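Colleague: Take a look at the following structure, please.
Only the coordinates and a few stated rules stand behind these numbers; no lab work does. Keep in mind that this is a model prediction, so the values were computed, not measured. No Cβ is skipped: glycine too gets one built from the backbone with ideal geometry, and neighbour counts run over all protein chains shown.
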Amino acid sequence: MLTNLNNRYYFEQELSRLVDLAKRGKHSFAMLYIDLDQFKTVNDTAGHTVGDTLLIEVARSFTARLRRGDILARLGGDEFGVLLQDITRHELEEIAASYQDALHNLTFDWKDKIFHVHSSIGIALIDSNSLDAAEILRQADVACYVAKTTGRNRTHFYKKDEDTQIQHIGELDIINKLNHALSNDGFKLLYQPITRSDGSNLDYYEALLRLPDGNKMLPPSIFIPIAERNSLMTRIDEWVINQIMQLIEKDQYPGYTFSINLSGSSINNNKIFSLLSSKLKNNRGIAESMIIEITETSAVTHIEKAGDFMRDLRRYGVRFALDDFGTGFSSFAYLKHLPADLIKIDGVFVKDIAHDPADLAMVRSINHIAHSLDKKTIAEYVENEQIRIILEDIGVDYLQGYHMGKPAELEVREKIRFN
């Protein structure tokens with residue numbers, strides 16, 4: 001929505017298509033993995049609104065470089081992907097350089113600061129030996145990391161021997177940290193409050209996963225994509241489920257309601273369903289204290305399985321929230337087929353609601369349709385009082401964001417139950 005580019009889901013589908021074509025041996029393709037260097041500095045210094053404006057300019061610059069048939073997508077916060085069709089290695093070097101050149105003259109002024117934008121680019125070739133889309137993404141990611149570690153603002157072709165050379169850096173290092181955390185209860189859960197739209201306390205908290213790394217915490221945006229690519233998400237979800245269930249069973253926080261996130265892979269995993277159902281059969285109090293969040297994209301991608309998963313667990317009293325609504329497939333029709341109790345309006349529509357009429361209209365529309373289907377709504381990214389007042393006026397039921405409270409450890413208090 002922000003950049004008007006294809007999203008990651010579409011990109012991965014197209015990448016799979018090109019891999020299948022390449023296996024027939026008649027065509028050669030390539031992927032560019034473009035990561036903006038030090039983009040976090042812009043967000044931390046000037047704020048997310050300025051960062052978003054910069055991303056729009058970058059997207060325009062990249063779009064101007066596209067050849068007929070090429071595909072450009074925004075893969076993540078400051079990450080972009082390009083699929084190049086029918087290309088030689090010499091042409092590939094020139095095109096990769098042109099994407100870096102697109103940013104050389106792009107400067108961004110904010111108050112007394114000037115930001116210069118550069119990028120590191122990882123290149124993966126797609127040919128008859130390519131395994132699948134996930135492997136190409138991994139190779140391009142590794143190549144991009146090498147480009148960053150060798151000086152930034154560079155391009156780098158993936159080389160197979162680099163997998164062993166970067167055992168302690170980049171993605172492979174994160175994988176090692178994830179496996180260690182799974183074996184040693186090394187993750188940490190923080191809890192962000194969700195309040196009523198008038199700002200009053202509700203004692204409803206979303207459990208947010210963090211990965212300790214020395215003196216800092218790695219956010220999910222860093223390790224979740226890596227976990228998904230390396231089939232670790234189901235084990236991570238299982239760890240979170242067990243932690244929250246133990247919290248509820250010990251009755252340490254009477255009256256609290258905890259919201260947990262499940263990945264698309266867990267929706268399709270019988271072990272996760274068995275874990276949840278066996279606990280819920282023996283302790284109905286768990287269902288009263290738990291809400292399961294599934295992203296819109298995950299639910300719609302696996303819509304039949306997701307619908308069955310939700311209906312089967314709702315029989316025990318579990319409630320479901322459809323997360324990030326509006327940024328995936330953005331179709332209200334899916335709401336009729338997914339038995340969600342709550343709809344979480346994605347923060348991309350909320351954060352600029354005071355200044356963007358289109359965002360305001362989108363939030364009103366989602367809220368109205370959700371209510372007409374007898375579902376409650378939650379707005380994310382509520383960062384100031386002005387936004388809270390607008391959302392209360394619209395009639396959004398619940399709010400989440402830094403204005404309502406930042407993720408933190410829990411404090412024991414007397415609580416009332418969520419309804």
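Colleague: Add +1 for every Lys or Arg and -1 for every Asp or Glu among the other residues with Cβ under 15 Å from the Cβ of Pro407, and state the total.
Modeller: Taking every other residue near Pro407 into account, the sum is -2.
Colleague: Quick check on the chain: helices-only [θ] at 222 nm, where DSSP H runs of length 4 and up contribute -39,500 (n - 2.57) each and the sum goes over total residues. Nearest 500, please.
Modeller: -13500 deg cm²/dmol
Colleague: Give me the net charge of Val240's neighbourhood, meaning all other residues with Cβ under 12 Å from the Cβ of Val240; Lys, Arg count +1, Asp, Glu -1.
Modeller: Its environment carries a net charge of -2.
Colleague: Going by a ≥ b ≥ c, the root eigenvalues of the Cα gyration tensor, does region 256-326 fall in the rounded group (a/c under 1.5), the prolate group (a/b larger than b/c) or the oblate group? Don't skip to the answer; put the middle values down first.
Modeller: Working: a/c = 2.10, a/b = 1.39, b/c = 1.51.
Because a/c hits 1.5 or more and a/b fails to exceed b/c, region 256-326 counts as oblate.
Colleague: Here is a follow-up. Spin-label point model (7 Å from Cα, Cβ direction): what's the Asn270 to Arg311 distance in nm?
Modeller: 2.0
Colleague: Suppose every K and R has +1 on its Cβ and every D and E has -1 on its Cβ; what is the size of the dipole of the chain about the Cα centre, in Debye to the nearest 20?
Modeller: Numbers: 48 positive and 60 negative charges, 167 e Å.
Charge dipole of the chain: 800 debye, to the nearest 20.
Colleague: Oh, and also: Can you grab the distance from the C-alpha centre of region 188-256 to the C-alpha centre of region 14-39, Å, no decimals?
Modeller: Centre-to-centre (Cα) distance: 34 Å.
Colleague: Compute, for region 174-400, the length of the dipole vector about the Cα centre, with Cβ point charges of +1 (Lys, Arg) and -1 (Asp, Glu) only. Units Debye, rounded to 20.
Modeller: It comes to approximately 820 debye.
Colleague: How big is the gap, in Å, between the Cα center of region 52-78 and the Cα center of region 284-327?
Modeller: Region 52-78 and region 284-327 have Cα centres separated by 33 Å.
Colleague: Order of 69-81, 219-231 by packing, highest average Cβ count within 10 Å first?
Modeller: The packing order, highest mean first, is 69-81, 219-231.
Colleague: Separate question: For the chain, rounded, prolate or oblate, judged on the Cα gyration tensor with a ≥ b ≥ c (square roots of eigenvalues), a/c < 1.5 rounded, else prolate if a/b > b/c?
Modeller: Prolate.
Colleague: Can you tell me which of 285-298, 351-364 comes out highest on packing, and rank the rest after it, using the mean Cβ neighbours within 10 Å? Numbers along the way, then the final one.
Modeller: Working: 285-298: 21.1, 351-364: 16.0.
Ranked from most to least packed, the peptides come out as 285-298, 351-364.
Colleague: Okay, next question. Using DSSP, restrict attention to beta bridges with both residues in the chain and report what percent are antiparallel, rounded to the nearest 5.
Modeller: Working: 37 of 63 bridges.
Taking every DSSP beta bridge within the chain, about 60 percent pair in antiparallel fashion.
Colleague: Shape of region 267-419 from its Cα gyration tensor (a ≥ b ≥ c, root eigenvalues): rounded if a/c is under 1.5, otherwise prolate when a/b > b/c, or oblate? Intermediate results must be reported in sequence, preceding the final value.
Modeller: On the way: a/c = 2.18, a/b = 1.36, b/c = 1.61.
In terms of gyration-tensor shape, oblate.
Colleague: How much length is gained if the chain between Lys281 and Ser221 is pulled fully straight, taking 0.36 nm per residue apart and subtracting their Cα-Cα distance, in nm to one decimal? Intermediate values should be presented prior to the final figure.
Modeller: Working: separation 60, 0.36 × 60 = 21.60 nm, distance 3.39 nm.
Answer, rounded to one decimal: 18.2 nm.
Colleague: Same structure again: Using a Förster distance of 45 Å, how high is the FRET efficiency between Glu91 and Thr49, based on the Cβ-Cβ distance and rounded to 0.05?
Modeller: On the way: r = 38 Å, r/R0 = 0.84.
So the FRET efficiency works out to roughly 0.75.
Colleague: Once the other residues with Cβ under 14 Å from the Cβ of Met217 are scored (Lys, Arg +1; Asp, Glu -1), what is the net sum?
Modeller: Its environment carries a net charge of +3.
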